[in-house]
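Student: Structure provided below as structure tokens; questions to follow.
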Amino acid sequence: MDPVTAAGIFALGLAFGSFLNVCIYRLPLGLSVVRPGSACPRCGSPIRFYDNLPVLSWTILRGRCRQCSARISPRYLFVELITGTVFLLCYAHFGLTLAMLKCGVLGFLLIGLIFTDAETHLLPDKMTLPGLALGLIFSLLVPVNDLVSLLLPGVFQVPVSSDVSWRLFSLMDALLGAAIGASFLYGDGAIYLRARGVEGMGFGDVKLMAMIGSFLGLRLTILTIFAASIAGSFFGLWTVSAVWIKRTQRRRHVFHESGVIARRHAWASALVALRRHQMPFGVFLGRMGLVAFFFGQQFLRWYWSLL
């Protein structure tokens, strides 16, 4: 990597991360991300440009508003640093190419959606739907490794130039990724709703998966769903275990129950807490989608080599 170019791309990522913080705060509230300018949510004082510098301003002000000393969430710092790092990884992985631009756009959208879902359990249409359109457009500019031509080589022959042919196959794979990814989550949510009587999958997750599928294509979309499901399951198990241990200790301390009785009551309580807990599945989908974009092809080649 050229150090000067890398530094410029990292700085650009920090700037986009600063804008993402605005989107994360305002879009769930239905507010414009353009007007009015940035202001402290507590005292309403406009934030000056020198207090709005990515990373530096938060560090200098020690995470406080200059006017009222209200605490500013560390999320602002993390989002800026993560976005800058992802932009830098895109450059390191793809160089100064259209693939790098595609990677940066996907990273920008997924980081915003991950943090929005984690904070509000919402996935704004103003990010997922434009993202879906951008993924389809990028499929005409950057090849998506299509599943159709790999499974049925020689069957689909398009009587046009090879340049047009790969674009058609790439678009087909992006459409398949979007359709299959969205359909899988929609069907899973419908089955859960019918079986349990409560909504287990928001429609925002369906649109998020359609967006991811348009960028990744069918194979990596399936990999993303599979990996996100495993990660979500481990998170659920960790949540149940943490609640079980904590409530066991409380029951032994407060109610003076024996270890066996306290663990039994705490386990039943932990299961109830898990059923009532709304897990932001978009967080896992977004993370695994970004990992799949960078490393999915290598993982699949390694996996198939074992068979």
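Student: For a Förster distance of 41 Å, can you work out the FRET efficiency between the beta-carbons of Ile47 and Ala133, rounded to the nearest 0.05?
Tutor: So, using R0 = 41 Å, E works out to roughly 0.80.
Student: A further question follows. Mean Kyte-Doolittle hydropathy of 0.5 or higher plus an axial Cα length of 27 Å or more: which whole DSSP H helices in the chain meet both?
Tutor: Correct list, ordered by number: 3-26, 75-94, 98-120, 162-196, 218-254, 281-306.
Student: Using Stokes-Einstein with the Kirkwood hydrodynamic radius over Cα pairs, what translational diffusion coefficient do you get for the range 201-250 at 37 °C and a viscosity of 0.692 mPa s, in µm²/s rounded to a whole number?
Tutor: Value of D from the Cα-based Kirkwood radius: 257 µm²/s.
Student: Related question: Just need the Rg to Rh number for the chain, please, alpha carbons only, Kirkwood Rh.
Tutor: Taking Rh as the inverse mean 1/r over Cα pairs, Rg/Rh reads 1.04.
Student: How big is the equivalent ellipsoid of the range 1-118 along its three axes, where each semi-axis is √(5λ) from the Cα gyration tensor, reported in whole Å from largest to smallest?
Tutor: 27, 16, 11
Student: Net charge within 14 Å of Gly37 by Cβ-Cβ distance, Lys/Arg positive one each and Asp/Glu negative one each, not counting Gly37 itself? It would help to have the intermediate numbers written out before the result.
Tutor: Values: positive: Arg26, Arg35, Arg48; negative: Asp51.
Within the 14 Å Cβ shell, the charges total +2.
Student: Taking 0.36 nm per residue of sequence separation and subtracting the Cα-Cα distance, how much length would be gained by fully extending the chain between Phe226 and Leu122, in nm to one decimal?
Tutor: In short, 35.3 nm is gained.
Student: Turning to a different aspect of this structure: Give the Rg/Rh ratio for the range 40-91, taking Rg as the radius of gyration of the Cα atoms and Rh as the Kirkwood radius, to two decimals.
Tutor: 1.05
Student: Hey, in the GNM for the chain with a 10 angstrom Cα cutoff, which one of Val22, Val283, Val240 fluctuates hardest?
Tutor: Val240
Student: How charged is the neighbourhood of Ile24? Take every other residue with its Cβ under 9 Å from the Cβ of Ile24, and add Lys/Arg as +1 and Asp/Glu as -1.
Tutor: After counting each charged neighbour, the total is +1.
Student: Tell me which residues come under 5 Å, amide H to amide H, from Glu257 once H is placed; ignore anything under 5 positions away on its chain.
Tutor: Those lying under 5 Å, H to H, from Glu257 are Arg252.
Student: Between beta-carbons, use under 15 Å as the cut-off and find the net charge around Val260, counting Lys and Arg +1, Asp and Glu -1. All intermediate terms of the calculation are to be shown ahead of the outcome.
Tutor: Details: positive: Arg247, Arg251, Arg252, Arg263, Arg264; negative: Glu257.
Residues near Val260 contribute +4 overall.
Student: Rg/Rh for the range 235-284 to two decimals, with Rh computed the Kirkwood way over all alpha-carbon pairs.
Tutor: 1.08
Student: Give me the dipole magnitude in Debye, nearest 20, for the chain about the Cα centre, with unit charges on the beta carbon: positive for Lys and Arg, negative for Asp and Glu.
Tutor: Magnitude of the dipole: close to 1560 debye.
Student: Considering only protein heavy atoms and a 1.4 Å probe, what is the carbon-and-sulfur percentage of the accessible area of the chain?
Tutor: Of the solvent-accessible surface of the chain, carbon and sulfur hold 67 percent.
Student: Could I ask something else about it? With N set to the number of residues, divide the alpha-carbon radius of gyration of the range 254-307 by 2.2 N^0.38 Å and report two decimals.
Tutor: Expressed relative to 2.2 N^0.38 Å, the Cα Rg reads 2.06.
Student: Another question about this same structure. Taking the Cα of Leu96, stepping 7 Å toward and past its beta carbon, and measuring to each backbone N in the range 1-37: which are under 14 Å?
Tutor: Inside the label zone: 1-10.
Student: Would you work out which of Met288, Val142, Gly30 lies farthest towards the positive end of the dipole of the chain? Charges go on Cβ: Lys and Arg +1, Asp and Glu -1.
Tutor: Gly30
Student: Name the residues whose placed amide hydrogens come within less than 5 Å of the amide hydrogen of Ala39, ignoring near sequence neighbours (fewer than 5 apart) on the same chain.
Tutor: Ile47
Student: Let me know the charge dipole size of the range 1-101 about its Cα centre in debye, to the nearest 20, where only the beta-carbon of Lys, Arg (+1) and Asp, Glu (-1) is charged.
Tutor: Result for the range 1-101 is approximately 580 debye, rounded to the nearest 20.
Student: Might you report the magnitude of the Cβ-based charge dipole of the range 56-145 about its Cα centre, with Lys and Arg at +1 and Asp and Glu at -1, to the nearest 20 debye?
Tutor: Roughly 400 debye, rounded to the nearest 20.
Student: Please find, in a Gaussian network model of the chain (springs between Cα atoms separated by less than 10 Å), the residue of Pro36, Pro130, Pro28 whose mean-square fluctuation is greatest.
Tutor: Pro36
The values are calculated or read from the model by the stated rules, or taken from the named source; none is laboratory data. In this text, all values refer to a predicted model and were calculated from it rather than measured experimentally. Virtual Cβ from ideal backbone geometry, glycine too; neighbours counted across all protein chains shown. The accessibility values were calculated without ligands, DNA or RNA, using every heavy atom of the protein model including side chains. Shrake-Rupley method; radii C 1.70, N 1.55, O 1.52, S 1.80 Å.
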